[in-house]
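Participant: Quick one: this structure, given as structure tokens, is what I'll be asking you about.
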Amino acid sequence: MARERFPLPASIAHQVRRVLRLRDGAEIVLLDGVGSEARCRLEEGDCVVESRGPAGGEPRHRLTVWQALLRGDHMEQVIRHGTEVGIARFGLIVSERCVARDVSAQRLERLRAIAREAAEQSERGVVPAVEAPMPLGEALAAAQEGSVLLYERHAGLRLTELPLPPGVFIGPEGGFTPDEVAAAEQPGLTIAGLGPRILRSETVAVAAAAVILSRTGDFA
């Protein structure tokens, strides 16, 4: 039976031929972004499929990070490094102390492109969703039961002491306000501390994801 054969899309062909400088006979892995991969060999400018199957880079625990909007390129850092670590979904939120209050359609597409590039680089099988911003109150109502809001001034439970959460809420540069934390103290959602040090918001997302996914064997 003839093997499946198709030309590489122009954008991928440029990366493969011009950037990576791969030649005929080289093996590559193509990811469809929704959970499957194709192991292929380059041949006369085309891609010849050797095998297909589920992608191997996806974490078993599907973690949502509800990230308050950040200034400058800090949101890009969260999306890029969070995708590499294994975050499955990014819910962008607007809270009281956010300096950035909105994301343009062009900017949102840029963040989604970064998630796609980071998923390719880290051999993820699924590109994480990057959702349009919503107010914190709406996000709290939409969060799965067992989600956690991380608050740097909380002196009680820490993230490592809680059951495995499906989602974590992370504040902006100035953190969540006491009123926002009080609003989050509702059935099905827990407040947790971050330990003795104050971390930058863009650091918290990656650190929290690494802590959570390490408990399931999905990281480190």
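Participant: Counting only heavy atoms of the protein chains, get the accessible area per residue of the stretch 77-216 (1.4 Å probe) and round it to a whole Å² value. Walk me through the numbers on the way to the answer.
Facilitator: Working: 6540 Å² over 140 residues.
Heavy-atom SASA per residue in the stretch 77-216 reads 47 Å².
Participant: Please work out the C-alpha center-to-center distance from the stretch 148-168 to the stretch 25-64 and express it in whole Å.
Facilitator: Value for the Cα centre distance between the two parts: 36 Å.
Participant: Okay, next question. If you average 1/r over every pair of different alpha-carbon atoms in the stretch 102-220 and take one over that average, what Kirkwood value in Å do you get? Show your work: numbers first, answer last.
Facilitator: Working: mean 1/r = 0.0638 Å⁻¹.
Radius from the Kirkwood sum: 15.7 Å.
Participant: Give me the net charge for the shell around Val29: Cβ to Cβ below 9 angstrom, other residues only, Lys and Arg +1, Asp and Glu -1.
Facilitator: Details: positive: Arg39; negative: Glu27, Glu37, Glu123.
After counting each charged neighbour, the total is -2.
Participant: Among DSSP beta bridges whose residues both lie in the chain, state the antiparallel percentage, nearest 5. Write out the running numbers ahead of the final one.
Facilitator: Values: 17 of 38 bridges.
Rounded to the nearest five, the antiparallel share is 45 percent.
Participant: Rounded to the nearest percent, how much of the accessible area of the chain (1.4 Å probe, protein heavy atoms only) is carbon and sulfur? Please list the in-between numbers first.
Facilitator: Values: 5780 of 11480 Å².
That fraction is 50 percent.
Participant: Report the extension gain between Arg107 and Arg5 in nm, rounded to one decimal, defined as 0.36 nm multiplied by the number of residues separating them, less their alpha carbon distance. Don't jump to the answer; show the numbers that get you there.
Facilitator: Working: separation 102, 0.36 × 102 = 36.72 nm, distance 3.58 nm.
Stretched out fully, the Arg107 to Arg5 stretch lengthens by 33.1 nm.
Participant: On the full set of protein chains, 1.4 Å probe, figure out the accessible area of Phe169 and give it in Å² to the nearest 10.
Facilitator: Surface open to solvent at Phe169 totals about 0 Å².
Participant: Separate question: Taking each pair of different alpha-carbon atoms in the stretch 56-168 once, compute 1/r for the pair, average those values, and report the inverse of that mean as the Kirkwood hydrodynamic radius in Å to one decimal.
Facilitator: It works out to 14.8 Å.
Participant: Still on this model: Please list the non-local residues whose amide H lies under 5 Å from the amide H of Glu96, H modeled 1.01 Å from N, same-chain partners needing a gap of 5 or more.
Facilitator: Here the answer is Thr177, since their amide H atoms fall under 5 Å of that of Glu96.
Participant: While we're looking at this one, here's another question. Rule-of-thumb check for the chain: C-alpha Rg over 2.2 N^0.38 Å?
Facilitator: On the way: Rg = 19.8 Å, N = 220, 2.2 N^0.38 = 17.1 Å.
Its radius of gyration relative to the 2.2 N^0.38 Å reference: 1.16.
Participant: Could you please report the charge total around Val181, scoring K, R as +1 and D, E as -1 over all other residues with beta-carbon less than 14 angstrom from its beta-carbon?
Facilitator: Working: positive: Arg97, Arg153; negative: Glu96, Glu152, Asp179, Glu180, Glu185.
The answer is -3.
Participant: Can I ask one more? Given 0.36 nm per residue, what is the gain on full extension from Glu161 to Arg17 after removing their alpha carbon distance, in nm?
Facilitator: Going from the current span to full extension adds 47.0 nm.
Participant: Can you pull a Stokes-Einstein diffusion coefficient for the stretch 96-154 at 20 °C (1.002 mPa s), Rh from Kirkwood over Cα pairs, as a whole number of µm²/s?
Facilitator: Numbers: Rh = 14.0 Å.
Rounded, D is 153 µm²/s.
Participant: Using Cα pairs closer than 8 Å and at least 6 residues apart in sequence, work out the relative contact order for the chain, in percent.
Facilitator: Numbers: 410 pairs, mean separation 47.0, N = 220.
Once normalised by length, the contact order is 21 percent.
The values are calculated or read from the model by the stated rules, or taken from the named source; none is laboratory data. In this text, all values refer to a predicted model and were calculated from it rather than measured experimentally. Please note: Cβ atoms are built from the backbone with ideal geometry, for glycine as well, and neighbour counts cover all protein chains shown. Protein only, heavy atoms only, side chains kept; ligands, DNA and RNA dropped before computing areas. Shrake-Rupley method; radii C 1.70, N 1.55, O 1.52, S 1.80 Å.
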